Amino acid sequence: MKLAVLGGGGFRTPFVWQALLRDTGTPRVDHVVLHDVSPQRLAGMRTVLEQLADGFADPPRLETTTDLDVAVADSDFVFVAVRIGGLEGRCQDEAVALEAGVLGQETTGPGGLAYALRTVPFAVDLAERVRRGAPSAVVLNFTNPAGITTEAMQGVLGDRVVGICDTPSGLGRRVALLLGHDPARVQLDYVGLNHLGWLRRVLVRGVDVLPQLLADEPRLALLEESHVFGTSWLQVLGALPNEYLYYYYSNREAVQRIRAAALTRGQFLLRTQEEFFAQLPTAGAGAADLWRRTVTDRSASYMAEAKGGEQGAPANPEPPETDPAQQGYAGVAVAVMAAVARDERSTMILNVRNGGTIAGLPDDAVVEVPATVDANGAHPLATPAPGLHQLGLLQQVKAVERHTIAAAVHGDETEALRAFALHPLVDSVAVARDLLAGYRARIPEVAAVFDRR
């Protein structure tokens with residue numbers, strides 16, 4: 001089977017590659033094509049992957065290309081993990097928002113909308129290319145904001161596009177392990193949108209064990225989400241929120257901490273990326289180790305503002321290959337491919353078409369819920385209705401997402417203004433106008449969305 005990895009020069013590519021190397025099922029991916037706009041990044045990442053394949057008897061055949069249609073042609077699966085505008089664009093996503101006094105973050109809030117505005121046109125064009133060049137391919141979308149870009153591509157390819165995020169599955173895995181259960185044998189009741197959801201129940205043989213954890217404060221304090229939200233707030237909610245809800249529940253604190261930090265997340269990643277690719281050509285046989293060290297440094301300060309830290313501050317995270325969050329990312333991707341290609345029925349939390357799963361949201365809206373995957377694709381499981389607090393936030397953010405898609409597809413500034421102004425983390429029409437003007441002025445790819453009309 002052929003797998004095309006778009007954004008193949010990115011840091012997460014080796015995680016997927018390692019998962020493919022460890023996959024011994026039949027049929028399996030035996031041909032991988034990496035696509036990126038940078039030949040230098042492709043060459044460097046190919047060196048890393050080849051070193052990671054040392055010791056494996058039958059690694060997939062590996063190719064690289066800067067031609068998108070060549071990469072996609074006749075693929076069985078297409079992974080999409082691109083960053084339109086690069087990390088320079090991400091830095092501006094953060095800066096424009098922070099200068100306006102609102103959250104500057106990659107996927108949540110106005111920064112995420114700016115990111116989506118310039119990414120949706122690429123996503124729709126890509127979907128059209130897949131429809132022409134690989135008409136039976138399944139698209140696994142990792143490109144942020146994952147819910148918005150998945151929904152945009154589904155407008156062309158329907159349910160053949162599935163969005164993947166490692167955060168919900170990682171949360172469920174950590175809860176199961178903390179309670180002494182096999183993560184593979186628990187059933188998770190999770191409901192939401194990408195980066196906006198709640199783990200409401202953890203079922204073991206039909207019994208919900210989440211109340212047991214919430215009542216055990218010393219054990220609950222060991223959970224990473226307790227460091228983000230505080231144990232008392234988790235107990236008040238009676239559920240475990242996705243870590244990105246920190247930006248909603250503690251918005252003022254988040255903005256204050258990010259503005260006070262020496263570096264934003266985007267600035268830190270830009271610096272580490274430039275250092276990595278500058279060192280890679282002379283790394284020789286140590287290219288894979290250089291990647292490991294760089295990923296460890298990047299992982300150490302992930303969501304630092306929510307955990308009382310700073311970007312780039314020393315930390316002691318797990319090694320990349322054993323980090324459950326990273327393994328979850330690659331593991332979910334390979335599990336989806338196995339379920340589709342081998343009809344190995346599996347259940348996982350994915351971004352899929354709603355189809356009535358969450359009452360109160362449109363049927364064609366992309367939601368993040370448990371889904372069963374088999375040879376016929378992904379099928380969301382029935383779920384109890386969200387509470388009013390949850391549903392109200394989901395509806396408001398989904399409306400914003402749809403205005404953003406309309407703005408990007410049609411180059412419509414009015415729709416873009418609606419998206420910014422109606423976002424609950426902006427809450428000001430005047431600020432929304434400033435945001436739209438700032439992103440147009442500072443990010444060429446955003447300006448191009450509206451200038452093409």
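Checking each residue in segment 423-442 for being assigned to a loop (DSSP other than H, G, I, E, B) and either of a type outside the set (Asp, Glu) or touching a residue at least 60 places away in the same chain (Cβ under 8 Å) (or both) picks out His423, Pro424, Leu425, Val426, Ser428.
If you go through segment 348-368 and keep only what is outside any loop (DSSP other than H, G, I, E, B) and either farther than 17 Å from Pro241 by Cα or out of contact with any Leu (no Cβ under 7 Å at 6 or more places or on another chain) (or both), you end up with Met348, Leu350, Asn351, Val352, Arg353, Val366. Criterion first (out of contact with any helix residue (DSSP H, G or I) (no Cβ under 7 Å at 6 or more places or on another chain), assigned to a helix (DSSP H, G or I) and not β-branched (Val, Ile, Thr)) does Arg200 satisfy it? For Arg200, the condition - out of contact with any helix residue (DSSP H, G or I) (no Cβ under 7 Å at 6 or more places or on another chain), assigned to a helix (DSSP H, G or I) and not β-branched (Val, Ile, Thr) - is not met.
Just so you know, in segment 376-395 the residues that are free of Cβ contacts under 8 Å to residues at least 60 places away in the same chain and closer than 30 Å to Ser136 by Cβ include one that is surrounded by the most Cβ atoms within 10 Å (Cβ to Cβ), and it is Pro380.
Quick grid of which residues meet (1) under 28 Å from Gln92 (Cβ atoms); (2) part of a helix (DSSP H, G or I); (3) over 19 Å from the mean Cα position of the chain (by Cα); (4) modelled with pLDDT of 95 or more:
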residue: Pro218; (1), (2), (3), (4): no, yes, yes, yes
residue: Leu222; (1), (2), (3), (4): no, no, yes, yes
residue: Glu225; (1), (2), (3), (4): no, yes, no, yes
residue: Gln235; (1), (2), (3), (4): no, yes, yes, yes
residue: Leu245; (1), (2), (3), (4): yes, yes, no, yes
residue: Leu263; (1), (2), (3), (4): yes, no, yes, no
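In segment 411-422 there is at least one residue that is over 20 Å from Asp125 (Cα atoms), under 21 Å from the mean Cα position of the chain (by Cα), in a helix (DSSP H, G or I) and small (Gly, Ala, Ser).
Taken over segment 13-44, the residue count meeting the criterion of being among the aliphatic types (A, V, I, L, M) and farther than 18 Å from Val78 by Cα is 1. Filter segment 47-80 down to residues that are under 30 Å from Gln154 (Cβ atoms) and among the acidic types (Asp, Glu) and give me whichever is nearest to the chain's Cα centre (by Cα). It comes out as Asp76.
For segment 91-110, the candidate set comprises residues that are touching a Lys or Arg at 6+ places or on another chain (Cβ under 7 Å) and farther than 17 Å from Glu253 by Cβ; within that set, the residue that is modelled with the lowest pLDDT is Glu106. Answer yes or no: is there a residue in segment 149-157 that is closer than 14 Å to Gly7 by Cβ, part of a helix (DSSP H, G or I) and touching a residue at least 12 places away in the same chain (Cβ under 8 Å). Within segment 149-157, one or more residues are closer than 14 Å to Gly7 by Cβ, part of a helix (DSSP H, G or I) and touching a residue at least 12 places away in the same chain (Cβ under 8 Å). Note on segment 339-360: residues that are over 17 Å from Leu157 (Cβ atoms) and either surrounded by fewer than 19 Cβ atoms within 10 Å (Cβ to Cβ) or among the acidic types (Asp, Glu) (or both) amount to 10.
In the condition set (1) in contact with a strand residue (DSSP E or B) (Cβ under 7 Å, 6 or more places away or on another chain); (2) of a type in the set (A, V, I, L, M, F, W, C); (3) buried (at least 23 other Cβ atoms within 10 Å of the Cβ), Ala407 is compliant with all but (1). Within segment 147-170, being in contact with a strand residue (DSSP E or B) (Cβ under 7 Å, 6 or more places away or on another chain), of a type in the set (A, V, I, L, M) and buried (at least 23 other Cβ atoms within 10 Å of the Cβ) holds for Met153, Val161, Val162, Ile164. Given the criterion farther than 30 Å from Thr13 by Cβ, of a type in the set (A, V, I, L, M, F, W, C) and either surrounded by 14 or more Cβ atoms within 10 Å (Cβ to Cβ) or out of contact with any Asp or Glu (no Cβ under 8 Å at 6 or more places or on another chain) (or both), identify the matching residue among Leu263, Leu210. Answer to the check: Leu210. Residues in segment 401-453 that are more than 20 Å from Leu196 (Cβ to Cβ) and of a type in the set (Asp, Glu): Asp412, Glu413, Glu415, Asp434, Glu445, Asp451. Within segment 339-352, the residues that satisfy the criterion of being under 20 Å from Pro168 (Cα atoms) and touching a Gly at 6+ places or on another chain (Cβ under 8 Å) are Ile349, Leu350, Asn351, Val352. List the number of the failed condition for Glu401; all other conditions in (1) over 16 Å from Ala432 (Cβ atoms); (2) crowded, with 18+ Cβ neighbours inside 10 Å hold. Condition (1) is where Glu401 drops out. One residue stands out in segment 213-240 among those that are under 20 Å from His181 (Cα atoms) and touching a strand residue (DSSP E or B) at 6+ places or on another chain (Cβ under 7 Å): the one that is surrounded by the most Cβ atoms within 10 Å (Cβ to Cβ), namely Leu240. Can you find a residue that is modelled with pLDDT of 80 or more, under 18 Å from the mean Cα position of the chain (by Cα) and part of a strand (DSSP E or B) anywhere in segment 333-344? No, segment 333-344 contains no residue that is modelled with pLDDT of 80 or more, under 18 Å from the mean Cα position of the chain (by Cα) and part of a strand (DSSP E or B). Looking across segment 258-304 at every residue that is charged (D, E, K, R) and touching a Ser or Thr at 6+ places or on another chain (Cβ under 9 Å), the one that is nearest to Arg41 (Cα to Cα) is identified as Glu275. I'm checking my understanding of the structure. Among residues of segment 183-200 that are over 24 Å from Pro362 (Cα atoms) and modelled with pLDDT of 95 or more, which one is surrounded by the fewest Cβ atoms within 10 Å (Cβ to Cβ)? In this case the residue turns out to be Gln187.
The values are calculated or read from the model by the stated rules, or taken from the named source; none is laboratory data. Computed from a predicted model, the values in this text were never measured in an experiment. Here Cβ is always computed from backbone atoms with ideal geometry, including for glycine, and neighbour counts include all displayed protein chains.
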